[in-house]
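Nothing in this text is a laboratory measurement; each read-out follows from the coordinates by a stated rule. Remember, it's a predicted structure, so these values are computed and weren't measured experimentally. In this analysis, Cβ positions are derived from the backbone assuming ideal geometry, glycine residues included, and neighbour counts consider all displayed protein chains.
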Amino acid sequence: MTTAPSAPRTARAIAREQLTRAILDSARQQLAKVGPGQLSLRAVARELGMASSAVYRYFASRDELLTALIIEAYDELGTATERADAGVTRRSSYALRWEEACHAIRAWAVAHPHDYALLYGSPVPGYAAPTDTITPAFRVTRVITGIMIDASAAGVRPAAPQVPVSRRAHSTIAGLRELAEGALDDAAALAILRAWSVVIGTLTLELFGHIVGAVDDYDAYFEHVVKQLGVDLGLR
């Protein structure tokens, strides 16, 4: 059975897509200038030479525009991380997969610091992210968790010694166990969550200028951190 060809896109649909892209690009530039808390649809309209009412037909509120920016940023980061992991042809090279994924995350963050801040910085006052952002946000986590799942299936264990897992710690990572679909025990799940926390913390310290004067070569420092985390995870 042949599939019927899709109908050609109309000029209206193309124009809407192009204008939506222009609005998002302008909003990202505004993020860099004033931050997400001061993001303004009116300012975007002025930048594009449009009436405010026209922009509101594409994004009904600042929060809707913020959500679109967050989803786009998560998707970009997710794509970069997925490609880095997929680029390691020897899938049993768990340490290399981990390192390549982490370096891809940092490369994206360094290239897009304001988008990184939107995702992992201070919450935007008055904004509550809707459920639409959950799936894009999990793309990076799935890559990182997937590496640990594959390693665990091959018998890799986090480096000893490990602090015994308390009942409270067991209970609090129910969501992570669900994400891993039962493929990680508590020790492995906590280890990958801890490693991910260190990666984000290290990037945040770098990008927000909190280790200026303490670290001269951020590339070398991040590489050391990532390799040490690989040891901690039992991947190296």
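In debye, nearest 20: dipole of the range 121-236 around its Cα centre with unit charges on the Cβ of K, R (+) and D, E (-)?
Details: 9 positive and 12 negative charges, 86 e Å.
Dipole size: approximately 420 debye.
In the range 59-85, whose amide N lies under 19 Å from the spot 7 Å out along Cα-to-Cβ of residue 128? List them in ranges.
Label zone hits: 60-68, 70-71.
In the chain, which whole DSSP H runs stretch at least 15 Å along their own axis (Cα) and average -1.0 or higher on the Kyte-Doolittle scale?
Within the chain the helices that satisfy the rule are 11-34, 62-86, 94-111, 134-153, 186-207, 218-232.
Over the chain, calculate the relative contact order: mean separation of alpha carbon pairs under 8 Å at least 6 apart, over the residue count, as a percent. Walk me through the numbers on the way to the answer.
Details: 194 pairs, mean separation 47.0, N = 236.
Rounded, it is 20 percent for the chain.
Can you pull a Stokes-Einstein diffusion coefficient for the range 124-173 at 37 °C (0.692 mPa s), Rh from Kirkwood over Cα pairs, as a whole number of µm²/s? Mind dumping the intermediate values first?
On the way: Rh = 14.2 Å.
Value of D from the Cα-based Kirkwood radius: 232 µm²/s.
Which one is right for this structure if Kirkwood radius over Cα pairs in Å is calculated from it: (i) 17.4; (ii) 20.1; (iii) 18.2?
Computed from these coordinates, Kirkwood radius over Cα pairs in Å corresponds to label (ii).
Quick check on packing: order 77-83, 128-134, 98-104 by the mean number of other C-beta atoms within 10 Å, highest mean leading. Walk me through the intermediate numbers first.
Numbers: 77-83: 18.9, 128-134: 11.6, 98-104: 22.6.
Ranking the peptides 77-83, 128-134, 98-104 by packing returns 98-104, 77-83, 128-134.
Could you give the nm distance between label points at residue 231 and residue 208, where each point is 7 Å from its Cα heading toward the beta carbon?
Using points 7 Å along Cα→Cβ, the separation is 2.8 nm.
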